[in-house]
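Accompanying notes for the structure given below.
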Amino acid sequence: MIISKKVIRNKNLKEKVAFNIFRVFSAIVVLSLVAILSFIIYNGISVINWNFLTQMPEDGMTKGGIYPAIIGTLCLVAGSMIFAIPIGVFSGIYINEYTKDSWYKRFIKLMTNNLAGIPSIVFGLFGMSLFVNTLGFGDSIIAGSLTLGLMVLPVVIRTTEEALKAVDNSFRHGSLALGATKLQTVRKVVLPMAFPNIITGIILSVGRVSGETAPILFTVAAYFLPKLPSSIFDQVMALPYHLYVISTSGTNVEASRPIAYGTAMVLIGFVLIVNLLANALRKYFGKKVKMN
Amino acid sequence: MEYIITTDKVNLFYGESQALKDISIDFLPNTVTALIGPSGCGKSTYLRLFNRMNDLIDNVKITGDITVEGENIYQKDTNIVELRRKVGMVFQKPNPFPKSIFENVAYGLRVNGVNDMSTLKEKVEFSLKQAALWDEVKDKLKKSAFELSGGQQQRLCIARALAIEPSIILMDEPASALDPISTAKIEELIYELKSKYTIVIVTHNLQQAGRVSDYTAFFYLGELIEKGVTKELFINPKNIKTQNYITGRFG
């Protein structure tokens, strides 16, 4: 026989070794995630209760709750999405469905990619200069939302584009061949099919927005503001910034430690819920598209 | 008799490369014409001229005259949406929408402004009957079209095309992805539809061309080699290339 047993044994051995290496590395990923989560939960669980979630901070933020920071973050998420979703989704549709392959399309894509690569602190600086100062919004929910919205815009555009690209052209052709316009084709056939993936992209960007500190630093976040906003021109506290403040420059950093872990836990919990929601929505709409 | 489609010295270029060279064929109403030839000979490209599906490809240049029902369809002010309502198309791979069976057939009507439910119901039933699919799906019109078999999906696509009352139906290898029994059903259907529609069909299957068509045109490397009554072309081809192709010497 030309193929020796030794070669086969060798092959099998290599297979096993390679497999185990992959296994170890993926275990490292899982373990570090578990380690972070359990560390946060272990340190933060003691402060989590209803009052913590629904009351104002007290005693120089060493006691009381984080209610205004939670509300602030929710406001910023909502505000940035109101801005980023329509612009991002429509741009994605335009790029993928309407532009032919031209220098213009390549230019838009280049710009979107570059936008995605800008560090978030630069967005913060830009937001402060444009929204806070030039447009005169001051430190406010609207200035922060616009800055955050601008930051996640590329994510929304790209996921929309990818989701649309995943829809097979045969569906577009089938629709156009029936005398549908391009708009009808996009609205009635392409978008419903791409919707589950677009939703996922949007919700992932919600996770990103809720956790970013740099862009809100100069545009909206308040160090300590124990009241709820009454308009979009008010400042708010926000979870990530609050975490930063009480960990580094609070009135008593040591005494605030449990609250910092509690805040981290709430933030992680929020992102986790959002991700689960994304999954559920994707499954729901994925099914609906087929049954419709 | 008046021709329903005419093409006069049509040339088509993809960028620099020429896909169709001086093609002139005229089509009689209520006939089935088969376009045959080896892969890449331009027959699908030629078919897609009639509902202007080639417009979707970048960098296509077309010269020559093409008329449908007496009208030049490559004028600046040609209403492409209206043209595509008149000239239906069935694709190689069944491509039903991810909607219910009912909504698939109703789609073409809805996008053309018909939303009255009783009209839709009537039209959907009529089209599905014409496409010989009604008996198989009448109890599950609300089910997803994806639950149908490949052959049923293709007949659904035919029903979908019929619903908007076209006068011409283009078929681009409609049975090439189907099993023999489904293929036979589609062929039967083509034969029946002839009384009401003009059909142009691209096929790789010569027996199929022989069975379903009245006229046949043989394409090779972007040129029209020979056209004529199907029986004559198959029994007594005038061109040596046609003869070689239909006797299986190349292609």
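The values are calculated or read from the model by the stated rules, or taken from the named source; none is laboratory data. Predicted model, so just to flag it, every value in this text is computed and none were measured. All Cβ positions, glycine included, derive from the backbone under ideal geometry; neighbour counts span all protein chains shown.
Just checking, does the range B:44-59 include any residue being of a type in the set (Val, Ile, Thr), within 11 Å of another protein chain (Cβ to nearest Cβ) and farther than 20 Å from residue A:181 by Cβ? No. Listed by first and then second residue, the pairs linking a residue in the range A:78-102 that is over 12 Å from residue A:156 (Cα atoms) to a residue that is surrounded by 20 or more Cβ atoms within 10 Å (Cβ to Cβ) and of a type in the set (D, E, K, R), with Cβ atoms under 8 Å apart and 6 or more places separating them unless they lie on different chains, are A:95/A:161; A:96/A:161.
Listed conditions (1) touching a helix residue (DSSP H, G or I) at 6+ places or on another chain (Cβ under 9 Å); (2) at pLDDT below 95; (3) outside any loop (DSSP other than H, G, I, E, B) are all met by residue B:61, apart from (1). Test of understanding: among B:73, B:101, which residue is within 14 Å of chain A (Cβ to nearest Cβ), closer than 26 Å to residue B:43 by Cα and more than 16 Å from the chain's Cα centre (by Cα)? Of the residues listed, the single one that is within 14 Å of chain A (Cβ to nearest Cβ), closer than 26 Å to residue B:43 by Cα and more than 16 Å from the chain's Cα centre (by Cα) is B:73. Restricting the range A:156-171 to residues that are among the charged types (D, E, K, R) and in contact with a helix residue (DSSP H, G or I) (Cβ under 8 Å, 6 or more places away or on another chain) leaves a set whose member that is nearest to the other protein chains (Cβ to nearest Cβ) is A:165.
If a residue must be of a type outside the set (Gly, Ala, Ser) and more than 14 Å from chain A (Cβ to nearest Cβ), how many such residues does the range B:121-148 contain?
Residues meeting the conditions: 14.
Out of A:90, A:107, A:25, one residue alone is part of a helix (DSSP H, G or I) and surrounded by 12 or more Cβ atoms within 10 Å (Cβ to Cβ). It is A:90. Screening the candidates B:164, B:190 for the property of being buried (at least 16 other Cβ atoms within 10 Å of the Cβ) and either modelled with pLDDT of 95 or more or in contact with a Leu (Cβ under 9 Å, 6 or more places away or on another chain) (or both) yields one hit, B:164.
Within the range A:172-200, the residues that satisfy the criterion of being at the interface with chain B (Cβ under 9 Å from one of its Cβ atoms) and of a type outside the set (A, V, I, L, M, F, W, C) are A:172, A:173, A:174, A:175, A:179, A:181, A:184, A:185, A:188, A:192.
For the range B:135-164, a residue qualifies if it is without any contact (Cβ under 8 Å) to a residue 40 or more places away in the chain, of a type outside the set (Ser, Thr, Tyr) and assigned to a loop (DSSP other than H, G, I, E, B), and the qualifying residues are B:138, B:139, B:140.
Among the residues of the range B:75-102, those identified as in a loop (DSSP other than H, G, I, E, B) and crowded, with 19+ Cβ neighbours inside 10 Å are B:91, B:94, B:95, B:96, B:97, B:98, B:99.
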